Structures are given as structure tokens and as C-alpha cells.
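This report concerns only the one structure given below.
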There are 2 protein chains.
Amino acid sequence: MTVDVNAPPITRTLAEFVATHPSRGWDDGIDREAQRTVLNWIGCAIGAAHHPAAEAAIAAVSELAPSPQATILGRRERVDIASAALVNGITSHTFDFDDTHLKTIIHPGGPVASAAFALAEQSGATGRQFVDAVILGADVACRIGNAIYPAHYDRGWHITGSTGMLGAAAACARLLRLDIEQTTMAVGIAASQPTGVREQFGSMTKALHPGAAARVGLMAALLARHGYTASSRALEAPRGLLQTYSTQWKWDAITAGLGKDFEIAYNTYKPFACGVVIHPSIDGCVQLGEAHRLQAQDIERVELRVHPLVLELTGKKTPRNGLEGKFSVYHACAAAIIFGQAGESEFSDAVVARPDVVALRGRVAATIASDIGEDAADVTIHCNDGRRLHTFVAHAIGSLQQPMSDADLARKFHGLVDPVLGAERAAELIGACRKLADAPDVRELANLTRP
Amino acid sequence: MTVDVNAPPITRTLAEFVATHPSRGWDDGIDREAQRTVLNWIGCAIGAAHHPAAEAAIAAVSELAPSPQATILGRRERVDIASAALVNGITSHTFDFDDTHLKTIIHPGGPVASAAFALAEQSGATGRQFVDAVILGADVACRIGNAIYPAHYDRGWHITGSTGMLGAAAACARLLRLDIEQTTMAVGIAASQPTGVREQFGSMTKALHPGAAARVGLMAALLARHGYTASSRALEAPRGLLQTYSTQWKWDAITAGLGKDFEIAYNTYKPFACGVVIHPSIDGCVQLGEAHRLQAQDIERVELRVHPLVLELTGKKTPRNGLEGKFSVYHACAAAIIFGQAGESEFSDAVVARPDVVALRGRVAATIASDIGEDAADVTIHCNDGRRLHTFVAHAIGSLQQPMSDADLARKFHGLVDPVLGAERAAELIGACRKLADAPDVRELANLTRP
């Protein structure tokens, strides 16, 4: 295998950037995207706060008799900051409904915000400090991802957990105001602890990956603060992380535009709680259903023309439970028409078994069309009254071309949070996130996330 | 890259072994080696209990306000079990003086015993249960090592941390009496969290690797106990750990002789606190010095004939501090004659600067001999009174052919522990370790490790 003995000093370059870049040293649009990232992260985590994965993780960390330092989003319990980072990272990813940096398919919110929020809450950081940390931490994780994607992912690593600890370390180093040398050590310590292989997809350990990454990054920053040392070339050296765990390392991708372009600008948010491949079809069904106020009984049949991957990945005709429903374009479209959305609750066992949903999905047909792109779909609904309703979705909602609006994100948030904390609290949380950068203390936001 | 889609069910096979193998289901020699492994692990950890790496790690975990659940070896503080596993794993490796499974150069004691001891102490396990867990855990880590060494190590992974979490998870699963399915999950959860790249060698993060592995393994077992799930093929699947992080996976090496041969039988213990390459020379000097009661002023000169690697790796003529002393065969041999040993204190800054040591090392000469093996050395000491003393070391003490005797280990233990806890307590600890398998509660041993 080729080894590059002349790699540039990436570890130190990133550390210098994180330690010295000015607060709010970017366009307002970057701040806004960070606030949206945080809102989406909180919504996903609260939504999954009582999932069996959350219960198991909380039971496990409770065996450490943790001190009540930080909030578990959506729960009454408080635990030590490292355990809070772990659990919130887990719940943020449990529904596979979190944010996506599409260039690398990293979900930066989970590892970065989970670590930074726990530390910020304990230290009483301002909203400004927290937002700065999230932006810089996400930048570090995604820039490392840019350098190694797709070879690293193809090899088997779940890239969110295997880069996220670097972003989490960077974010926490920033919050702790570590200097360049200490930040280099924090990133270096984290560089020995990547998490996540893709074989875990389908098990709870998939969601452990961002959680463990958050925990590792937070502890790496604390270790560095107290003088623990690492190699200052831990990322780039021939036996450093990138050359050890990837076969591709585009060093330039890490430094190009550093401090000018911010990767969080490319963050996106899933509108629907299922694989991205059926999002265009769902989008079209939601649009037609809303525009024409359709009821299930109005519909004779639904005809989809879709990209070949749709039927390869989600061609399940008769899903038996919620999880299988995520792999059924038929169920997803039926639910989308009936409920006007396709959030986590539309993929519950109950909804998959509902007679009206079952009946309508039997009237959904999908055919492969070679002229339809991966993020497109052609949707036609034939009504019993003879109407023929049609839409072509060129880019599904949630893509970079068709981003979720603030209203879309708020609706998604309500879908996740209302069942746990109620609609009123959810609305308060949305308001608090929008003003997060001006908050004198992130603990206000943290308090709102607890029942 | 080749992918093996037909890998045997290694994860489940190892889990079944760990969950069902009978207590003490092996020869007494295996039990004895486990007891020696534990003694050596405790000695190394206590010896480094006040090293700056230990202070930094303890300060970092103290930020979590940990509950006093488990012992930090050699310290008064008690911390939560996960933090204890971390810190004891760090200190056990800080002096590079710990055990070595020579087939894989894994140091199994650090990750496995550190995790198992913390959990055993909290749960009040018997000595028998703890010893069983260490033997089974070390077997799992080293068998995985057998399957991937040397390709995995050559690629850049520090194999102790990248297999140790599996051994730690197995040991803790055994202590928690998890069933086969739960143990499969514990090993599977750990399989997403390897630690350690070799670029960290020379920094404190090298010692973090066994510590983090211990912590990960312990938490994986706790997560599995509470129902957290992982892939049951997390180790062997195409996108599982072994195929993701190694280019070599000899599946047979994992299962050959499972339950009959125990890898801990191949564990060895360093007699000297430096790289193994100069151990034969040190061994010869200690032997001649003791046999002839040599004093530095008696010696005209020392002549070594050594393997070429000795001068390549440790040819430093005038070391300036303790760390450099470890890379000087001249210093090591001078100190070995003067002190009759070469433990951590013989590689202190003070000893490296001592006039008598400096003077004697100037009279040590080394020449390369192509007929001398890597674990051999030819040592001749010319005395001022005309005597010519000679010994040929065919296999250095500490090798499999010339293992450390119990007396050797006890002497090493005293060298490490006496400065921290005093000679009397050190002797008590040696006695307690020898009877460990019969101890009704490991807390007796844990109590003895605290000042």
C-alpha cells in the first residue's frame, strides 16, 4: 500500500483554525444553518428519547451512578456530561432522520452537537459560544470526510462515527478555549478512537456510532485540557489515522477554503423518516394530496415512475411492521397521502397495519423509468371522480436544490417532539433555537428540552 | 480489495465459548499464568500511578464528578467503574513494561484485566470469577490478533487497543453472566470501537489505547446486559470489523483449539523497562554483575557482540534523559551492572545523569555480529584486576524459552510498587495475587492496592 510520508500538517492546521478563528467569523447564512442543524438534532433526539435503544443506553450509563451534570434531551434524568453526549448522540440517530452532509453522507449534528451541548450546559456557555463550536466542529468532521470519502466508507466504515469524534473534539476544545497546542492534542487524542463499521446497520449499534464519537471527542478535549498528550501529526502521519483507516486521503480537501467556506452550509435535513431514495415519490404524493385535499377513498390508483434503485431498495409490497414499511415505496406513498407527511409515526407498526393504509397501498403501482433521476419522481393519481392529477418532482424536498424551509423544519420538529413534550413546548423550543445565538446561557434551551 | 462473504460465524462462536466454557476449564498452568498476568498488570499500573499521564487522565475523568465505585491502582481516589478501567489501562501501559503475547505483540493484561477488575470489584466477584474472566477475555483478544497479525499492525493499528476491547467485552460479559446472545451483542458492540494508531507511539495516547479498550469493552457488556443490540456478525461480515480494518483475516486461527489451548499460556513479562531488543545484553550484564559481585570501579570495559538491530534502534551513545536512556544499549548495560536491574527507575533522568553511570557507559562498547540472534547477546567484561568474565545469552530472560520465574516477577513487582506503597504492602499484594483464584471477594485485593 502506498504511504505518504510528506503529508501536510493537517492536525495542527485544523487545530489552529479551531482555536483562533473569530467568533461569528462567517456569513449570517452559516449561523442560520447551524441553528437549523441544532433544531433538527434536538427534534430527532427528543423524538427517540423513549426508544428501546435510549432506554438500554440510559440503563447502561446509570450503572456508573453518574452525576446529574447534563440533560438527556426529552428526558427528566440528568447524567454526567460524557454520558449525556453518548445518549444524545444515540437518540439523534436512532430514527435515521437526522441531518446529512450530502458530499460525505456524514450526519454532523449527532457527534458534534451532542458533545458540545453537554459541555456547554455544564459550563454555562452562551448560545454564541455553542453555535461557534458547532460550526467549527462540523467543519472539521466534514473536511476530514471530504478527504477520505468515498474510499473510506466503501471499505466499511460508518463515516459519521469515524470522523465525528474529530469534530466533537474540535467543538469541545473551542468551548474550553484550549490554545492551539492543546487543541492539537485534543484532535490527536480523538484520532486514535474512530467508531463504527457498516455491518452494524440494522442494529442499535448504528446509532451508537455518533454517540460514541461525541463521547470520545468530549473526553479528548478534557484530557488535552489537563495535559494529556498525543502525536501532533496524529491525523496525517504514515501511521496516523487517515493513512491507517482509509486508502484515499485528499489532503487539499481539508484545507481548501478553510475559514472561508463552511461545510455546515451543505448540511441537509431529511423530510421523511426513511431512505432518501423514496423521498421524491413521497414528496409528490404529499404535494398532490395537500393541493387537492385528497382522501384515501377518493383515490382509484397511484402511478409512480421512479428510478430503478427505488424498487431495488424499497420494493416491499406487503410490509409487516414499521421497519419494513421504511422499505416499501407503496406504504410510504399511501401513508404520505393519508397523513400528509411521512415522519417516524407514519412508519410505526400501527400505521403499517391500519386498514385504510393497507387498502391504499394496494392501489399504488410503481414502474421503473430510465429517464428519472435518483432524486426525481413522476407521480400520477387517478381519482374515482375521473380526475387525473400529476406532478413531476425534479429534486425532492430536503435536497440541496430544494432545501427544507424553516416552516418544513418546524413541522418536522412538531412531528417528533409533540408526542414527547407537547405542542406548546415544541413551539417554545423552536423559538429558542431561532434565537440561540443570542442566548446568554444555553441552559435555558437545555431546560426546555426536559419534560 | 477482496471481500469474504462466507466468513464463519466468529462473533457467535467466541460468544458461545465465553458464555459457556466451564469455570477453571483448563490446566492449572493456565490459572498460574493468569495470576502472573494479573500480578504484572497490577505492578505496572501501581508503578505509574503518579505519572503525568495518570494525573492528566484522573483530572479529566474527575470532571465527570464520578461516583466512587472502583479502585485506581496505587491511588486513594475511587472513580466510576468505566473511568477506573480507563485509568488502570493507561497506567498499566505507561512504562511500556507490561505483558506481551509474543505471537501478536498484544499486551492483553491492560485492556482485559483493567475492565474485569473494575467490574469485579463493584459486583463483589470472587477471585475465581475474575481469573476465569481474564483467561477467557485474553483468549478472545489474542485469537483475534492471531487472525489479523501482522497485516493489521503493519497497516498502522496498535493491536493492543484494536483487539483489546473485544477481550474486555468478553471478560465483562463473563463476569455479568450474560447468555450467549447477550455476549454476542457485547462483543458486537465493542467491534465498532477499536482504539489506537501507531503514530501515537511516543505520546501519552499510546497508553490510552489499552485504557480506552478496557472502557469500551466494559461499557459494551453493560449495554448488552440492558438489551442494546449489535450485528451478530459484527466481527466477520464483509463490512464487519476484521474485513474493514485489516487486509488479512485467518478465520481458522480464531477457532483452532478453542477451549483447549489458551492464549494466555503464551503471555510473557518484560524484565527490563525498555525495548526488547536490548534485553539480552542487559540480561548478560545483570548475570555477570551478580555472579561476581561487580562494582563499577572494578570494571575496565564491557564488550558486547549484538544483533544488528541493537545498534540501529538503541545506539545512542550519550543519552540526555531517561527516555533517551531507553534507546541506549550503553546506558542500559551500565545501569544493569550498577543496580543489578533495569526497571523504570534505572531509566529515570537522575540515573541517566549519575556520574558513576555516565562513566561506566563510556566504557561499554558494542559491535554487530551477524551470528547473534535477535534474542541473544555475547557479553564480556574486562576487570581492572585482569579477570575476563564472559557469558553468552542464548535467549534473554522474559522470552518464552527463558520465562520470568515467580521470583523474577516478584522482584520486578517490588521495583515498581515499593516506591509507591512500600515493600511490606508490595509483599502482601504478591501473596494475595498468588492466592487470587481462591479469594472469596476480589475487593480484598483491590483494597491492598490503595495507599
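The values are calculated or read from the model by the stated rules, or taken from the named source; none is laboratory data. Predicted model only: the values in this text are computed from it and were never measured. Positions of Cβ are backbone-derived with ideal geometry, glycine not excepted, and every protein chain shown enters the neighbour counts.
Here are some notes:
- Restricting the first member to the stretch A:134-145 and to residues that are farther than 16 Å from A:Arg32 by Cβ, and the second to residues that are of a type in the set (Asp, Glu) and at pLDDT 95 or above, the beta-carbon pairs closer than 7 Å and six or more apart or on different chains are A:Cys142/A:Glu263; A:Arg143/A:Glu263.
- Filter pass, A:Val140 being crowded, with 22+ Cβ neighbours inside 10 Å, farther than 30 Å from B:Gln69 by Cα, out of contact with any strand residue (DSSP E or B) (no Cβ under 8 Å at 6 or more places or on another chain) and away from every other protein chain (no Cβ under 14 Å): yes
- So A:Gly227, is it within 14 Å of chain B (Cβ to nearest Cβ), in a loop (DSSP other than H, G, I, E, B) and closer than 30 Å to A:Val351 by Cβ: no
- Residue within the stretch A:103-116 that is at pLDDT below 95 and either buried (at least 24 other Cβ atoms within 10 Å of the Cβ) or closer than 22 Å to B:Leu223 by Cα (or both) present: yes
- Test for B:Thr100: is it surrounded by fewer than 24 Cβ atoms within 10 Å (Cβ to Cβ), under 18 Å from B:Ala273 (Cα atoms), touching a strand residue (DSSP E or B) at 6+ places or on another chain (Cβ under 7 Å) and touching a residue at least 24 places away in the same chain (Cβ under 8 Å): yes
- Residue in the stretch A:157-168 that is part of a loop (DSSP other than H, G, I, E, B), assigned by TED's automatic domain parsing to the domain that holds A:Leu241 and within 17 Å of the chain's Cα centre (by Cα) present: yes
- Annotation note: of B:Ala53, B:Ala84, the sole residue that is within 13 Å of another protein chain (Cβ to nearest Cβ), under 18 Å from the mean Cα position of the chain (by Cα) and within 27 Å of B:Ile135 (Cβ to Cβ) is B:Ala84.
- Tally, over the stretch A:133-157, of residues that are out of contact with any Asp or Glu (no Cβ under 9 Å at 6 or more places or on another chain) and of a type outside the set (A, V, I, L, M): 8
- Flag for A:Leu294 being outside any helix (DSSP H, G or I), at negative phi, in contact (Cβ under 8 Å) with a residue 24 or more places away in the chain and away from chain B (no Cβ under 14 Å): yes
- The residues in the stretch A:325-366 that are among the β-branched types (Val, Ile, Thr), within 29 Å of the chain's Cα centre (by Cα) and farther than 19 Å from A:Leu309 by Cβ can be counted, and the count is 5.
- Close contacts from the stretch A:233-247, counting a first residue that is within 7 Å of chain B (Cβ to nearest Cβ) and a second that is acidic (Asp, Glu) and surrounded by 24 or more Cβ atoms within 10 Å (Cβ to Cβ), with Cβ to Cβ under 7 Å and a gap of 6+ residues or different chains, come to A:Arg233/B:Glu199; A:Ala234/B:Glu199; A:Ala237/B:Glu199; A:Arg239/B:Glu199; A:Gly240/B:Glu199.
- Residues in the stretch A:13-68 that are surrounded by 17 or more Cβ atoms within 10 Å (Cβ to Cβ) and basic (Lys, Arg): A:Arg36 only.
- Of all residues in the stretch B:253-275 being part of a helix (DSSP H, G or I) and under 13 Å from the mean Cα position of the chain (by Cα), the one that is surrounded by the most Cβ atoms within 10 Å (Cβ to Cβ): B:Ile264
- Any hit, the stretch A:346-353, residues being surrounded by 15 or more Cβ atoms within 10 Å (Cβ to Cβ), at pLDDT 95 or above and farther than 19 Å from A:Asp408 by Cβ: yes
- Qualifying residue in the stretch B:20-35 (condition: under 30 Å from B:His414 (Cβ atoms) and among the hydroxyl-bearing types (Ser, Thr, Tyr)): no
- From the list B:Ile106, B:Ile72, the one residue that fits, being closer than 30 Å to B:Ala342 by Cβ, out of contact with any strand residue (DSSP E or B) (no Cβ under 7 Å at 6 or more places or on another chain) and in contact (Cβ under 8 Å) with a residue 12 or more places away in the chain, is B:Ile106.
- Members of the stretch A:152-202 found to be among the hydroxyl-bearing types (Ser, Thr, Tyr) and either on the phi > 0 side of the Ramachandran plot or within 9 Å of another protein chain (Cβ to nearest Cβ) (or both), listed by number: A:Ser192, A:Thr195
- The residue that is nearest to B:Gly211 (Cα to Cα), counting only those in the stretch A:203-224 that are at the interface with another protein chain (Cβ under 7 Å from one of its Cβ atoms) and under 20 Å from the mean Cα position of the chain (by Cα), is A:Ala212.
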